[in-house]
Each structure stands twice: as structure tokens, then as C-alpha cells.
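Structure first, then comments.
None of the figures in this text is laboratory data; all of them are computed from the coordinates on show. Here the structure is a predicted model, which is why all the values come from computation and not from measurement.
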Amino acid sequence: MKHIHLLFVALVVILYVARFWATQYKPELLENKWIKIAPHALAGLLLLSGFGLAFADGWFDQSYSWIIAKLFAMFAFIGLGMVSLKAQGDNRWYAFAGALIVLVYIVKVAFTKQAFFFLG
């Protein structure tokens, strides 16, 4: 289950960066129907595999604040990703950088299993 989840993480990140690049340099590529549908399908599969992983490994039996933190961070990543794909100029790049920072936070929380790893 873990490998499936990591595969979806990689696909979501690669597709997001590719869509950002296309938005900036080749917007006509974004007219393809599969490019409009794939991010939603992958995000749904990522979320489902994450829940499956959490239940299969019994993480809800322990302290699960880090899972909640990852979930909220995922919403932040999605929001910043939407802004980065729709905004213009510098705001687009700021939102892109913010999305990548949130992504790094999500990865760090996944490894440390601590929502506030930066405090201790």
C-alpha cells in the first residue's frame, strides 16, 4: 500500500509541475481533456491510498495529529496550486513556490510522523 501511495504522490507532483510549466510556456497544451481530468483523478486516488495506508497500518490507534496536519497541508497545496495555475505574473510564481514549500512540509511530516517537527 505504501508504494502505491508514493506512486500517486510522485504522479501528482510531476503532473502539477508539468501543468505549471504548460501554463507558463505552452498554454495550448492545457486544452487536452485528459490534462483537465487527470489531476482530479490522481488527487482522489492519492487521498484514498493515504486513508487506506493509515487504516492498514493502524496509525489511527496512535497519535494521529500528523495525519490531520498532512490533510490540511494537502488542502493548502491544492489551493496554492490552483492559484499558481490561474494567477498572472509574480503572483503565479509566489503561489508555485508556496505550493512547493507545503509539499516539502508534507514530505517531512510523513517521515517524522510529527506535525510540528520544526519546534523541537
For the stretch 37-42, in order, what is each residue's ³J(HN,Hα) by Karplus, 6.51 cos²θ - 1.76 cosθ + 1.60 with θ = phi - 60°, in whole Hz (x at glycine and Pro)? 8, 3, x, 5, 5, 5
Structure-derived Cα Rg over 2.2 N^0.38 Å: which label, when the choices are (1) 1.19; (2) 1.08; (3) 1.13: (3)
Just tell me which lysines come within less than 21 Å, Cα to Cα, of residue 70; anything on the same chain fewer than 8 places away is out. 2, 108, 113
Mind checking which lysines have their Cα closer than 21 Å to the Cα of residue 86? Skip sequence neighbours fewer than 8 apart in that chain. 26, 33, 36
For the chain, modelled as a Gaussian network with Cα springs under 10 Å, which listed residue fluctuates most, 72, 96, 20? 72
